[in-house]
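S.K.: I have a structure here, written as structure tokens, and I will follow up with some questions on it.
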Amino acid sequence: MQKVPFVDLYAQYLTIKPHIDEAIESTIRSSSYIGGKPVAAFEKAFSEFIGVPHVIGCANGTDSIEILLQAFGIGKDDEVVVPAISWISTAEAVSSVGAKPVFVDIEDEYYTIDVSLIEKAITPRTKAIIPVHLYGHPADMPTIMSVAAKHNLIVIEDCAQAHGAQIEGKMIGTFGHAASFSFYPGKNLGAYGDAGAMATADPAVAEKARMIANHGQKGKHNHVIEGRNSRLDGLQAAVLNVKLPHLEGWTGARIANAAKYDRLLEKNEGIGLPLVKKGYRHVYHLYVVRVEHRTEVQKALAAVEIETAVHYPMALPFLPCYGGYGYETSHFPVAASCQNQILSIPMYAELTEEQIDRVSKELLKVAGGIEL
Ligand SMILES: *Cc1c(COP(=O)(O)O)cnc(C)c1O
């Protein structure tokens with residue numbers, strides 16, 4: 001019985017090993033550990049990839065959201081609208097700058113923020129919206145941008161799970177006033193440690209963000225403001241420079257693997273498949289199915305050495321850290337029901353046909369045929 005790991009970063013490394021090894025060695029040879037050529041090269045290449053003029057590397061994706069909020073002057077007494085299901089960073093970054101995260105329920109079909117509910121969450125204190133392209137499926141950016149324009153709000157796209165996702169051929173990260181990216185190792189474009197980036201078309205925001213991420217400096221020792229240390233590491237940038245040219249190929253492989261799962265799992269009442277909105281390009285950071293009795297399904301799959309995960313077992317408003325807001329499941333009914341059914345099955349470019357077959361077969365055995 002061959003184990004199917006949830007992710008296999010080593011399998012990807014083996015496909016590009018000589019180039020990674022050479023990039024790491026050359027970074028060490030030139031001691032470009034902080035800033036320097038690899039970082040500048042990556043910022044330029046990534047800016048060309050997404051088509052946003054300014055890209056600023058930083059230490060991780062969480063910092064990128066936080067620094068962008070600060071660069072837009074968002075802080076104390078402000079409110080920021082975020083989706084009820086995301087990785088905690090989206091809400092945490094808002095609290096970190098002293099503002100209040102205001103949660104909005106998600107769409108049942110696509111798991112992204114329900115745009116029909118955003119206006120109800122807006123108050124005179126609302127300053128921004130952070131849509132998340134969850135699992136790799138774009139949030140409805142055209143609608144979000146029109147709601148934001150009507151209420152004069154800043155939009156920061158959380159693109160941590162969606163490098164290369166598109167709406168009608170337009171890259172995510174180009175819709176909002178700014179975008180944040182994570183290159184955490186398991187993301188679609190992942191470094192070999194923590195890394196992140198901010199992207200914006202606004203030169204003033206870009207300058208401010210760059211200053212904040214590097215101790216508020218405008219040129220060496222000229223600390224115009226107090227900032228922090230959140231720089232992109234040179235070795236991580238070197239790894240990302242090798243990987244970026246492969247991203248489109250890997251994304252294509254993810255999409256093809258998702259299509260195989262779709263084909264093998266469709267027409268089974270007990271398994272809800274991920275849907276894609278018309279004209280949207282889903283990049284399948286995660287392939288998330290819905291099942292009843294998830295704990296049992298996970299256990300049964302683990303017994304045949306198939307690793308799965310849950311993203312995320314508890315929606316943000318229900319986490320202990322937000323207990324003070326007093327949210328109940330009835331406030332976020334969709335998130336409340338999804339959190340008990342969602343199951344992420346193995347998804348990466350290097351998955352083999354046999355692995356996809358085996359995962360599908362076992363999943364059908366344990367979850368197929370049950371009425372959802
Ligand atoms: C991973 C992730 C982040 C944070 O990125 P880190 O690099 O881990 O700090 C933010 N938002 C979402 C939706 C993520 O998945």
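S.K.: Here is a check on your reading of the model: is Gly164 within 16 Å of the ligand (Cβ to nearest atom), within 17 Å of Phe49 (Cα to Cα) and open to solvent by 10 Å² or more (accessible area, probe 1.4 Å)?
M.R.: On the way: within 16 Å of the ligand (Cβ to nearest atom): yes; within 17 Å of Phe49 (Cα to Cα): yes; open to solvent by 10 Å² or more (accessible area, probe 1.4 Å): no.
It is false that Gly164 is within 16 Å of the ligand (Cβ to nearest atom), within 17 Å of Phe49 (Cα to Cα) and open to solvent by 10 Å² or more (accessible area, probe 1.4 Å).
S.K.: Can we say Ile67 is open to solvent by 20 Å² or more (accessible area, probe 1.4 Å), touching a residue at least 40 places away in the same chain (Cβ under 8 Å) and either over 30 Å from Gly234 (Cβ atoms) or under 18 Å from the mean Cα position of the chain (by Cα) (or both)?
M.R.: Details: open to solvent by 20 Å² or more (accessible area, probe 1.4 Å): no; touching a residue at least 40 places away in the same chain (Cβ under 8 Å): yes; either over 30 Å from Gly234 (Cβ atoms) or under 18 Å from the mean Cα position of the chain (by Cα) (or both): yes.
No, not satisfied.
S.K.: How about region 155-201: which of its residues are out of contact with any helix residue (DSSP H, G or I) (no Cβ under 9 Å at 6 or more places or on another chain) and of a type outside the set (A, V, I, L, M, F, W, C)? Walk me through how you get there before you give the answer.
M.R.: Start the filter on region 155-201 by keeping residues that are out of contact with any helix residue (DSSP H, G or I) (no Cβ under 9 Å at 6 or more places or on another chain), which leaves 166, 169, 201.
Of everything in region 155-201, those that are out of contact with any helix residue (DSSP H, G or I) (no Cβ under 9 Å at 6 or more places or on another chain) and of a type outside the set (A, V, I, L, M, F, W, C) turn out to be Gln166, Gly169.
S.K.: Go through region 326-372 and count every residue that is in a helix (DSSP H, G or I), within 30 Å of Ser96 (Cα to Cα) and among the polar types (S, T, N, Q). It would help to see each step written out before you state the result.
M.R.: Narrowing region 326-372 to residues in a helix (DSSP H, G or I): 329-331, 333-338, 353-367.
From what's left, within 30 Å of Ser96 (Cα to Cα): 329-331, 333-338.
Then keep just the ones that are among the polar types (S, T, N, Q); that gives 329-330, 337.
Count: 3.
The rows are residues; the columns are (1) assigned to a loop (DSSP other than H, G, I, E, B); (2) closer than 14 Å to Thr90 by Cβ; (3) touching a residue at least 12 places away in the same chain (Cβ under 8 Å); (4) more than 10 Å from the ligand (Cβ to nearest atom).
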position: Ala149; (1), (2), (3), (4): no, no, no, yes
position: Gly173; (1), (2), (3), (4): yes, no, yes, yes
position: Ala191; (1), (2), (3), (4): yes, no, yes, no
position: Asp194; (1), (2), (3), (4): yes, no, yes, no
position: Ala199; (1), (2), (3), (4): no, no, yes, yes
position: Ala204; (1), (2), (3), (4): no, no, no, yes
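S.K.: Within region 38-120, considering only strands (runs of 3 or more DSSP E) that don't extend past its boundaries, which have at least 2 residues that are within 22 Å of Asn241 (Cα to Cα)? Write out each step before concluding.
M.R.: Details: elements: 54-58, 79-83, 100-104.
Qualifying strands (runs of 3 or more DSSP E): 54-58.
S.K.: In a helix (DSSP H, G or I), more than 20 Å from His246 (Cβ to Cβ) and modelled with pLDDT of 95 or more: is that true of Ser31 in this structure? Don't jump to the end; show me each part of the working.
M.R.: On the way: in a helix (DSSP H, G or I): no; more than 20 Å from His246 (Cβ to Cβ): yes; modelled with pLDDT of 95 or more: yes.
No.
S.K.: Select the helices (runs of 4 or more DSSP H) contained entirely in region 223-325, then report the ones holding at least 1 residues which are free of Cβ contacts under 8 Å to residues at least 24 places away in the same chain. Step through it out loud before you land on a result.
M.R.: Values: elements: 234-243, 247-265, 294-303.
Helices (runs of 4 or more DSSP H) meeting the threshold: 247-265, 294-303.
S.K.: From the list Gly57, Gly75, Gly98, Gly136, exactly one residue is open to solvent by less than 20 Å² (accessible area, probe 1.4 Å), at pLDDT 95 or above and more than 15 Å from the ligand (Cβ to nearest atom). Which is it?
M.R.: Gly75
S.K.: So which residues in region 172-202 are open to solvent by 30 Å² or more (accessible area, probe 1.4 Å), of a type outside the set (Gly, Ala, Ser) and closer than 19 Å to Phe72 by Cβ, if there are any at all?
M.R.: Answer for region 172-202, where residues must be open to solvent by 30 Å² or more (accessible area, probe 1.4 Å), of a type outside the set (Gly, Ala, Ser) and closer than 19 Å to Phe72 by Cβ: Thr174, Phe175, His177, Asp202.
S.K.: Residues of region 292-306 being loosely packed, with under 13 Cβ neighbours inside 10 Å and among the hydrophobic types (A, V, I, L, M, F, W, C), which ones?
M.R.: Of region 292-306, the ones loosely packed, with under 13 Cβ neighbours inside 10 Å are 295-296, 299, 302-303.
Once the filter is applied, which keeps residues that are loosely packed, with under 13 Cβ neighbours inside 10 Å and among the hydrophobic types (A, V, I, L, M, F, W, C), region 292-306 yields Ala302, Ala303.
The values are calculated or read from the model by the stated rules, or taken from the named source; none is laboratory data. As the structure is a prediction and not an experimental result, all values here were calculated from the model. All Cβ positions, glycine included, derive from the backbone under ideal geometry; neighbour counts span all protein chains shown. What goes into the accessible areas is simple: the full protein's heavy atoms, side chains included, and nothing from ligands, DNA or RNA. Shrake-Rupley method; radii C 1.70, N 1.55, O 1.52, S 1.80 Å.
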